[in-house]
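Below: one structure, written as C-alpha coordinates.
The values are calculated or read from the model by the stated rules, or taken from the named source; none is laboratory data. Here the structure is a predicted model, which is why all the values come from computation and not from measurement. Using ideal geometry, Cβ is built from the backbone for each residue, glycine included, and neighbour counts are taken over all protein chains shown. Keep in mind that these areas ignore ligands, DNA and RNA; they rest on the heavy atoms of the full protein, side chains included. Shrake-Rupley method; radii C 1.70, N 1.55, O 1.52, S 1.80 Å.
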Amino acid sequence: ERRARGYRPTAQAIPVLQAAEQVEAPLLRLGRLADAGRGQRIEGNVRITCTEGIASHCIAPQLVLLRQRWPGLRIEIVVEHRSLSLARREADIAIRWARPQSGELFASRLGDVPYRLYRNPYAAEPTAVAAFDESLADLPETQWLAKQKTLQPVIRSNSMLPLLAAARAGACAVLLPEFIGQQFTDLAAEPGRPPVSRELWLVLHRDLRRTPRVRTVADFLGAAIRALLRQSS
(Lines give C-alpha, C1' and ligand atoms only; values in the text may rest on other atoms or scores of the structure.)
Protein backbone atom coordinates (compact mmCIF):
# COMPACT_ATOMS: atom_id res chain seq x y z
CA GLU A 1 0.00 0.00 0.00
CA ARG A 2 1.42 3.33 -1.05
CA ARG A 3 1.42 5.99 1.67
CA ALA A 4 2.61 9.59 1.82
CA ARG A 5 5.97 8.55 3.29
CA GLY A 6 6.53 5.30 1.38
CA TYR A 7 5.04 1.83 1.09
CA ARG A 8 3.50 -0.38 3.77
CA PRO A 9 2.85 -4.12 3.42
CA THR A 10 -0.74 -5.32 3.36
CA ALA A 11 -2.05 -7.56 6.14
CA GLN A 12 -1.69 -10.59 3.86
CA ALA A 13 1.96 -9.74 3.11
CA ILE A 14 3.11 -9.37 6.72
CA PRO A 15 3.52 -13.12 7.53
CA VAL A 16 5.29 -13.65 4.18
CA LEU A 17 7.66 -10.80 5.00
CA GLN A 18 8.36 -12.21 8.46
CA ALA A 19 9.18 -15.64 7.02
CA ALA A 20 11.49 -14.06 4.44
CA GLU A 21 13.32 -12.10 7.14
CA GLN A 22 13.90 -15.30 9.14
CA VAL A 23 15.57 -16.83 6.08
CA GLU A 24 17.52 -13.66 5.32
CA ALA A 25 18.92 -12.99 8.81
CA PRO A 26 21.49 -15.84 9.04
CA LEU A 27 22.70 -15.16 5.49
CA LEU A 28 23.28 -11.51 6.34
CA ARG A 29 25.15 -12.48 9.51
CA LEU A 30 27.32 -14.88 7.53
CA GLY A 31 28.30 -12.00 5.25
CA ARG A 32 29.11 -9.70 8.18
CA LEU A 33 31.25 -12.33 9.91
CA ALA A 34 33.09 -13.13 6.69
CA ASP A 35 33.81 -9.43 6.23
CA ALA A 36 35.16 -9.18 9.77
CA GLY A 37 37.68 -11.96 9.08
CA ARG A 38 39.24 -10.59 5.92
CA GLY A 39 42.41 -9.34 7.58
CA GLN A 40 43.69 -6.34 9.46
CA ARG A 41 44.42 -3.92 6.61
CA ILE A 42 42.56 -0.60 6.87
CA GLU A 43 41.23 -0.31 3.34
CA GLY A 44 38.01 -0.65 1.35
CA ASN A 45 34.55 0.92 1.38
CA VAL A 46 32.81 2.25 4.48
CA ARG A 47 29.27 3.58 4.13
CA ILE A 48 28.05 6.13 6.68
CA THR A 49 24.43 7.22 7.04
CA CYS A 50 23.44 10.45 8.77
CA THR A 51 21.35 13.58 8.37
CA GLU A 52 22.34 16.51 6.20
CA GLY A 53 23.72 18.73 8.94
CA ILE A 54 25.88 15.95 10.37
CA ALA A 55 27.17 15.03 6.90
CA SER A 56 28.11 18.61 5.97
CA HIS A 57 29.36 19.97 9.30
CA CYS A 58 30.66 16.92 11.22
CA ILE A 59 31.80 14.22 8.83
CA ALA A 60 32.87 15.86 5.56
CA PRO A 61 35.37 18.26 7.22
CA GLN A 62 37.10 15.28 8.91
CA LEU A 63 37.65 13.27 5.74
CA VAL A 64 40.87 14.98 4.72
CA LEU A 65 42.62 13.83 7.92
CA LEU A 66 40.98 10.39 7.71
CA ARG A 67 42.24 9.92 4.14
CA GLN A 68 45.72 11.14 5.06
CA ARG A 69 46.00 8.52 7.78
CA TRP A 70 44.37 5.67 5.84
CA PRO A 71 44.56 6.38 2.08
CA GLY A 72 43.15 2.94 1.27
CA LEU A 73 39.73 3.86 2.69
CA ARG A 74 36.84 4.90 0.44
CA ILE A 75 34.02 6.72 2.25
CA GLU A 76 30.41 6.85 1.10
CA ILE A 77 28.00 9.23 2.88
CA VAL A 78 24.28 8.47 2.60
CA VAL A 79 22.19 11.46 3.69
CA GLU A 80 18.87 10.23 5.08
CA HIS A 81 16.41 11.28 7.78
CA ARG A 82 15.07 7.73 7.96
CA SER A 83 17.09 5.01 9.69
CA LEU A 84 18.79 2.69 7.23
CA SER A 85 19.18 -0.96 8.21
CA LEU A 86 22.63 -1.79 9.55
CA ALA A 87 21.71 -5.49 9.68
CA ARG A 88 21.10 -5.50 5.91
CA ARG A 89 24.31 -3.51 5.27
CA GLU A 90 22.42 -0.52 3.91
CA ALA A 91 25.13 1.28 5.89
CA ASP A 92 28.10 0.26 8.02
CA ILE A 93 27.97 3.18 10.48
CA ALA A 94 25.06 5.40 11.46
CA ILE A 95 25.11 8.75 13.25
CA ARG A 96 21.63 8.96 14.77
CA TRP A 97 19.66 11.44 16.86
CA ALA A 98 18.33 8.74 19.19
CA ARG A 99 19.62 5.53 20.73
CA PRO A 100 18.31 2.47 18.87
CA GLN A 101 15.86 0.41 20.88
CA SER A 102 16.12 -2.89 19.00
CA GLY A 103 18.49 -5.01 16.94
CA GLU A 104 21.99 -6.38 17.56
CA LEU A 105 23.52 -2.94 17.51
CA PHE A 106 26.36 -1.25 19.38
CA ALA A 107 25.57 2.37 20.28
CA SER A 108 28.01 4.94 21.63
CA ARG A 109 26.71 8.27 22.92
CA LEU A 110 28.48 11.24 21.32
CA GLY A 111 26.92 13.98 23.43
CA ASP A 112 24.08 16.44 23.88
CA VAL A 113 23.32 18.86 21.06
CA PRO A 114 21.54 22.08 22.11
CA TYR A 115 19.57 24.03 19.50
CA ARG A 116 19.14 27.81 19.30
CA LEU A 117 17.38 30.28 17.06
CA TYR A 118 19.86 32.04 14.80
CA ARG A 119 19.19 35.10 12.68
CA ASN A 120 21.01 37.68 10.63
CA PRO A 121 21.11 40.86 12.81
CA TYR A 122 19.82 42.80 9.80
CA ALA A 123 16.81 40.51 9.21
CA ALA A 124 13.76 42.60 8.27
CA GLU A 125 11.07 40.31 9.75
CA PRO A 126 11.67 39.48 13.43
CA THR A 127 8.84 36.94 13.58
CA ALA A 128 9.71 35.08 10.35
CA VAL A 129 11.31 31.66 10.72
CA ALA A 130 12.42 28.82 8.46
CA ALA A 131 11.17 25.32 9.29
CA PHE A 132 11.18 21.77 7.99
CA ASP A 133 8.13 20.74 5.99
CA GLU A 134 5.42 18.29 7.11
CA SER A 135 7.46 15.26 6.03
CA LEU A 136 9.67 15.96 9.09
CA ALA A 137 6.87 16.93 11.47
CA ASP A 138 7.96 14.32 14.04
CA LEU A 139 11.34 15.97 14.73
CA PRO A 140 11.65 17.72 18.14
CA GLU A 141 12.82 20.96 16.54
CA THR A 142 9.81 20.99 14.19
CA GLN A 143 7.43 20.31 17.08
CA TRP A 144 8.93 23.12 19.16
CA LEU A 145 8.57 25.62 16.32
CA ALA A 146 4.94 24.57 15.80
CA LYS A 147 4.15 25.62 19.40
CA GLN A 148 5.63 29.11 19.12
CA LYS A 149 2.87 31.70 18.75
CA THR A 150 5.28 34.57 18.12
CA LEU A 151 7.07 32.91 15.18
CA GLN A 152 5.63 32.52 11.71
CA PRO A 153 7.10 29.86 9.37
CA VAL A 154 7.55 31.62 6.03
CA ILE A 155 9.99 29.21 4.37
CA ARG A 156 9.77 25.42 4.52
CA SER A 157 11.90 22.62 3.09
CA ASN A 158 12.84 19.01 3.75
CA SER A 159 16.49 20.13 3.58
CA MET A 160 18.42 22.17 6.11
CA LEU A 161 20.68 23.86 3.55
CA PRO A 162 18.10 26.21 1.95
CA LEU A 163 16.73 27.09 5.40
CA LEU A 164 20.22 28.03 6.56
CA ALA A 165 20.91 30.00 3.37
CA ALA A 166 17.64 31.95 3.75
CA ALA A 167 18.49 32.85 7.35
CA ARG A 168 22.00 33.99 6.42
CA ALA A 169 20.51 36.21 3.71
CA GLY A 170 18.26 37.88 6.30
CA ALA A 171 14.93 36.42 5.22
CA CYS A 172 14.13 34.71 8.53
CA ALA A 173 15.46 33.03 11.65
CA VAL A 174 16.36 29.34 11.74
CA LEU A 175 16.63 26.79 14.56
CA LEU A 176 20.05 25.15 14.38
CA PRO A 177 22.30 22.92 16.47
CA GLU A 178 24.82 25.14 18.24
CA PHE A 179 27.78 23.40 16.64
CA ILE A 180 26.45 24.45 13.23
CA GLY A 181 25.15 27.92 14.07
CA GLN A 182 28.42 28.93 15.71
CA GLN A 183 30.28 28.35 12.45
CA PHE A 184 28.60 31.35 10.76
CA THR A 185 29.72 34.82 11.83
CA ASP A 186 26.80 36.44 9.97
CA LEU A 187 24.29 34.75 12.32
CA ALA A 188 23.59 35.69 15.93
CA ALA A 189 22.09 33.29 18.47
CA GLU A 190 19.04 34.23 20.49
CA PRO A 191 20.15 34.49 24.17
CA GLY A 192 18.81 32.39 26.99
CA ARG A 193 18.40 28.70 27.57
CA PRO A 194 18.48 26.49 24.43
CA PRO A 195 14.84 25.63 23.64
CA VAL A 196 15.65 22.17 22.24
CA SER A 197 18.35 19.64 23.07
CA ARG A 198 18.91 16.27 21.43
CA GLU A 199 21.30 13.35 21.91
CA LEU A 200 23.65 12.21 19.17
CA TRP A 201 24.70 8.56 18.90
CA LEU A 202 27.15 6.55 16.82
CA VAL A 203 25.72 3.15 15.92
CA LEU A 204 27.08 0.06 14.18
CA HIS A 205 26.16 -3.60 14.06
CA ARG A 206 27.88 -5.68 16.73
CA ASP A 207 29.29 -8.06 14.12
CA LEU A 208 31.01 -5.18 12.30
CA ARG A 209 32.86 -4.00 15.41
CA ARG A 210 35.42 -6.65 14.47
CA THR A 211 35.82 -5.37 10.91
CA PRO A 212 39.04 -3.31 10.98
CA ARG A 213 38.09 -0.63 8.46
CA VAL A 214 34.64 -0.08 10.05
CA ARG A 215 36.01 0.00 13.58
CA THR A 216 38.75 2.44 12.54
CA VAL A 217 36.34 4.88 10.88
CA ALA A 218 33.85 4.62 13.76
CA ASP A 219 36.54 5.33 16.38
CA PHE A 220 37.96 8.24 14.37
CA LEU A 221 34.59 9.90 13.73
CA GLY A 222 33.40 9.31 17.28
CA ALA A 223 36.44 11.12 18.72
CA ALA A 224 36.16 13.97 16.19
CA ILE A 225 32.44 14.58 16.79
CA ARG A 226 32.84 14.47 20.57
CA ALA A 227 35.60 17.08 20.33
CA LEU A 228 33.41 19.29 18.10
CA LEU A 229 30.50 19.12 20.53
CA ARG A 230 32.77 19.98 23.48
CA GLN A 231 34.13 23.00 21.64
CA SER A 232 30.63 24.34 20.94
CA SER A 233 29.35 23.93 24.51
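In the chain, what percentage of the DSSP-assigned beta bridges are antiparallel, given to the nearest 5?
Once the DSSP bridges in the chain are tallied, antiparallel ones form about 60 percent.
How much of the accessible area of region 58-207, in percent, comes from carbon and sulfur atoms when a 1.4 Å probe is used?
Carbon and sulfur atoms account for 50 percent of the accessible area of region 58-207.
Per residue, how much accessible area does the chain have with a 1.4 Å probe, in Å²?
With the other protein chains kept in place, the chain gives 56 Å² per residue.
Under 12 Å from the 7 Å Cα→Cβ point of ASN158, by amide nitrogen: which residues of region 74-98?
Inside the label zone: 80-82.
How much length is gained if the chain between GLU104 and TRP144 is pulled fully straight, taking 0.36 nm per residue apart and subtracting their Cα-Cα distance, in nm to one decimal?
Extra length available between GLU104 and TRP144 comes to 11.2 nm.
Using helices alone, I'd like the mean residue ellipticity at 222 nm for the chain: each DSSP H run of four-plus residues gives -39500 (n - 2.57), total over residue count, nearest 500.
Helix-only estimate at 222 nm: -10000 deg cm²/dmol.
Between the DSSP loop rule and a limit of at most 10 other Cβ atoms within 10 Å, which trypsin sites (Lys or Arg not before Pro) in region 59-92 are left?
ARG82
Positive end of the dipole of region 40-154, charges at C-beta (+1 Lys, Arg; -1 Asp, Glu), about the Cα centre: which of GLN148, ALA128, HIS81 has its Cα farthest in that direction?
HIS81
Using a ≥ b ≥ c from the Cα gyration tensor of the chain (square roots of the eigenvalues), is it rounded, prolate or oblate, where a/c under 1.5 gives rounded and otherwise the larger of a/b and b/c decides, a/b for prolate?
The shape class here is oblate.
Assuming 1.306 mPa s and 10 °C, estimate D for region 140-233 with Stokes-Einstein, Rh taken as the Kirkwood radius over Cα pairs, in µm²/s.
Estimated via Stokes-Einstein, D reaches 99 µm²/s.
Do any chymotrypsin sites (Phe, Trp or Tyr not before Pro) in region 119-165 lie in a DSSP loop with no more than 12 other beta carbon atoms within 10 Å, and if so, which?
Hits after loop and neighbour filter: TYR122.
Suppose every Lys and Arg Cβ carries +1 and every Asp and Glu Cβ carries -1, with no other charges. What dipole size does the chain come out with about its Cα centre, to the nearest 20 debye?
580 debye
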